[in-house]
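Below is one structure, written out as structure tokens; comments come after it.
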Amino acid sequence: MGSTRDIVRRASIAGWVIGAAGLVALVSILLFIWFGQPFGLFNDLGRIVMTAAIPFLMLAFWELGGLTPTPLALVAQAIGWLACAVWCVTHLLFVAGVVTIDYSKPATGAYAVEAVALVVIGLWIAGANLLAGPWLPRIRWLGVLTGVGLALYALGIVLNGADGALVYIGGLAYLDLLPIWGLLMGWFLGRRGAAESA
């Protein structure tokens, strides 16, 4: 997998990617509401890139350590990576027109698969930040809030589709807090990596 310095450096880049892709997703969903396509496609692609970058941060959390015993942390790592892969592949299939998603109804089919994967990703982010070792400063609480918000958003999708209080509240975490958390993690890990290189 590489040295700790390399893992931290890649995670820092991933954090910046999460932030940039999240900004694209946020702006494009607003433009989609006002103007329609192709901004919906840009939103979808931004969220795919954002989600695909998360495993690099997951690996950094593993490498830098925390309070979870190693066997449980390894299981959580594998499940987190799998959830990110499942969400990205399912959403790519949606973008390609292979599967359909009906946002107006409670999640079924591919939409339910995405929602369950997003619950797992959200719980992973919340748990990893909460249980991270002393290497993670106060940013951990933003990570916990972000992860819980993602899980609530996905739970709302399962219960109500893309409408309802949980989706609106959790959507703030998904489109606002996740990119901010990514940017802050990118900045923090970049500084840490630079300090270790000095």
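The values are calculated or read from the model by the stated rules, or taken from the named source; none is laboratory data. In this text, all values refer to a predicted model and were calculated from it rather than measured experimentally. Neighbour counts run over all protein chains shown; Cβ positions are idealised from the backbone, glycine included.
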In the set Leu45, Leu59, Leu64, the lone residue that is among the aliphatic types (A, V, I, L, M), out of contact with any Lys or Arg (no Cβ under 9 Å at 6 or more places or on another chain) and either in contact (Cβ under 8 Å) with a residue 12 or more places away in the chain or within 30 Å of Gly133 (Cβ to Cβ) (or both) is Leu45
Quick one: Asp6 ticks every box in (1) closer than 15 Å to Gly186 by Cα; (2) modelled with pLDDT of 95 or more bar one, so which box is it? (2)
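Filter the helices (runs of 4 or more DSSP H) completely within segment 86-190 down to those with at least 1 residues that are under 17 Å from the mean Cα position of the chain (by Cα) and within 22 Å of Pro38 (Cα to Cα).
On the way: elements: 109-131, 139-160, 165-172.
Those helices (runs of 4 or more DSSP H) span 109-131, 165-172.
Could you tell me which residue of segment 53-75 is surrounded by the most Cβ atoms within 10 Å (Cβ to Cβ), considering only residues that are assigned to a helix (DSSP H, G or I) and of a type in the set (Val, Ile, Thr)?
Step one: of segment 53-75, the residues assigned to a helix (DSSP H, G or I) are 53-64, 70-75.
Now drop any that are not of a type in the set (Val, Ile, Thr), which leaves 54, 70, 75.
Working: Ile54: 25, Thr70: 9, Val75: 11.
Within segment 53-75, the match that is surrounded by the most Cβ atoms within 10 Å (Cβ to Cβ) is Ile54.
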Suppose the filter is surrounded by 17 or more Cβ atoms within 10 Å (Cβ to Cβ) and either without any contact (Cβ under 8 Å) to a residue 60 or more places away in the chain or hydrophobic (A, V, I, L, M, F, W, C) (or both); does Ala165 pass it? no
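Mind listing whichever residues of segment 89-127 are at pLDDT below 90 and not β-branched (Val, Ile, Thr)?
Going through segment 89-127, the residues at pLDDT below 90 turn out to be 100-108.
Across segment 89-127, the qualifying residues are Asp102, Tyr103, Ser104, Lys105, Pro106, Ala107.
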Please tell me if Asp102 is surrounded by 15 or more Cβ atoms within 10 Å (Cβ to Cβ), at negative phi and touching a residue at least 12 places away in the same chain (Cβ under 8 Å). no
Just one of (1) under 21 Å from the mean Cα position of the chain (by Cα); (2) at pLDDT 90 or above; (3) surrounded by 15 or more Cβ atoms within 10 Å (Cβ to Cβ) trips up Ala78, so point out which. (3)
Test Ala25 against the criterion of being among the aliphatic types (A, V, I, L, M), modelled with pLDDT under 95, buried (at least 20 other Cβ atoms within 10 Å of the Cβ) and within 17 Å of the chain's Cα centre (by Cα), and give yes or no. yes
